[in-house]
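One structure is given here, and the rest of the page talks about it.
The values are calculated or read from the model by the stated rules, or taken from the named source; none is laboratory data. All figures in this text were calculated on a predicted structure; none of them were measured in a lab. Ideal geometry is used to build each Cβ from the backbone, glycine not excepted, and the neighbour counts take in all protein chains shown.
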Amino acid sequence: NVEAWETGHILQLDNKQFIVQVNPPRIVSLQFPDTDVFVGFTIAPNVKMEFSSVQQSHYEWFSSRQKNGKQSWEKVGDNIHYKIQPSDFGQRLKLRCTPRHEDNYGDAVTIQSNIPVSYGPIRCLSRQRYQFTQSKLDVVGDLRIVSYNILSSGYSNDVFRYCNPRYLRYSYRLPLIIDELVGYNADIICLQECDKELLQNVILPAMRTHGYSGNHIFKKAEVKEGLALLYNRSKFQLLSLHTFALRDLLLKDESLGHLAKQIKKHPQLKRKCVNLPNVAMACVFRWREAPNKLFCIGNTHLYANPMLPEVRLVQASVVLHQLNLIRNKFTDVLPILLCGDFNSIPNSNVYQLLTTHQKHQKHFFPTTADRWKPIDLVLDNAFDFYSLCGIPQFTNYVQDFVGTLDYIFGEKEYVDVKQVVPFPTEDEIKRDKALPSPNAPSDHLALVCDV
């Protein structure tokens, strides 16, 4: 009898009465993030609920205290986020969460941290940048964009022997990364080298509590890393998501026939291009407060081998082609932006391709002793792109290489730069030899700009 089972009705069994509650708010899982817990950093739980609102639910934070040899708990916060205080050093944290939806409450769940609070970095390099991003942008049409290669843990142990292994562990780096992403108050965040498990279990849950939603694509490779694109869900409506493996497009997309024919003439180049796992993604958004205002932003990470720039050139051409196909699906004006780690310095063929708006660009690669015969590629770029952050002195700073590899590109007709958040100086980075370091979680620096 459906009518009988309504919230507020009374069920009587013998002499006992029970109040009926249909779909009561319920916590499915509640966990602390699997990371270090640092003084001065903000922590939030990974929480999944049913029939309840994460924002409306009630949170109570407690910090352990020792009195007369006995442990007690002191209430220290009542928000979903808690900024850890110096008085919490050496203590453990406890959280009690009561799920709620409107006037309905569910059963509370309590969790306790497994590790004590410790001190983290002394002079986190990103925090001096926050003075330029203290508040979110509130004008419709203004965007703050972040592009950031956050360094996959799958690559962090082999190359950076100058960095203490403690600072390469994800449990140390993730609090710094999340603090940085939140501190920029961005509208759009494009990430590269996102570990699948860490993104899904730590980064995305944390960023959701700060008002972001996100999408991702991972490489089909031994190291399970890829791309993520996070956006302020209160500002934007996601109209369409496009994810693609670059090699699959070269093999299967008939509209790329002109490019496939060119690389077919060079079997070694083709073999390399169709066996690499590099991916790209693009999202089309609508402003919630201005439904006629749309934009598209892409994100990619090109092949890293410095000896094979022609491979990156082919990959960049595939990305540009896909963005143009997306634009052609819309009758409205659709400004295009493109973020990523392009593994290409400013005087490279890839940078030339991306920033030269013309058809039939010619790119010639002469023969070298250890590579194949000369390659002549003719490529197109439908976009009048320029680098929104200009040409920084460097975006990647490691012991054996210092240079600019990362960019945010936008179209000259539609995108004007209002602010580029300054980068840390070389002197600041060299105090720790290079990146990553105790004060910086990646070998790359985040690009941050307002447009």
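Figures for the structure shown
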| read-out | value |
| --- | --- |
| Enumeration of residues in region 150-176 that are outside any loop (DSSP other than H, G, I, E, B) and either of a type in the set (D, E, K, R) or within 21 Å of Val417 (Cβ to Cβ) (or both) | Arg166, Arg173 |
| Hits in region 231-276 (condition: in a loop (DSSP other than H, G, I, E, B) and either out of contact with any helix residue (DSSP H, G or I) (no Cβ under 8 Å at 6 or more places or on another chain) or surrounded by fewer than 19 Cβ atoms within 10 Å (Cβ to Cβ) (or both)) | Arg233, Ser234, Lys235, Asp253, Lys265, His266, Val274, Asn275 |
| Condition broken by Asp179, with the remaining ones in (1) in contact (Cβ under 8 Å) with a residue 40 or more places away in the chain; (2) in a loop (DSSP other than H, G, I, E, B) satisfied | (2) |
| Of residues in region 388-423 being in contact with a Ser or Thr (Cβ under 7 Å, 6 or more places away or on another chain) and of a type in the set (S, T, N, Q), the one surrounded by the most Cβ atoms within 10 Å (Cβ to Cβ) | Thr395 |
| Conditions (1) under 30 Å from Ile177 (Cα atoms); (2) part of a strand (DSSP E or B); (3) of a type outside the set (Asp, Glu): number failed by Ser53 | (2) |
| Selection count where residues are part of a loop (DSSP other than H, G, I, E, B), of a type in the set (A, V, I, L, M), touching a Leu at 6+ places or on another chain (Cβ under 8 Å) and closer than 19 Å to Gln131 by Cα, scope region 422-451 | 2 |
| Residue match in region 187-196 (condition: in contact with a Ser or Thr (Cβ under 6 Å, 6 or more places away or on another chain), in contact (Cβ under 8 Å) with a residue 60 or more places away in the chain and assigned by TED's automatic domain parsing to the domain that holds Asn275) | yes |
| Single residue of Asp380, Asp416 found to be under 23 Å from Leu256 (Cα atoms) and not polar (S, T, N, Q) | Asp380 |
| Residue, modelled with the lowest pLDDT, within region 370-381, restricted to residues that are surrounded by fewer than 16 Cβ atoms within 10 Å (Cβ to Cβ) and under 17 Å from Ala316 (Cβ atoms) | Asp376 |
| One residue from Gln262, Gln268, Gln315, Gln322 being at pLDDT 95 or above, more than 25 Å from Ile391 (Cβ to Cβ), among the polar types (S, T, N, Q) and in the same structural domain as Glu225 (by TED's automatic domain parsing) | Gln322 |
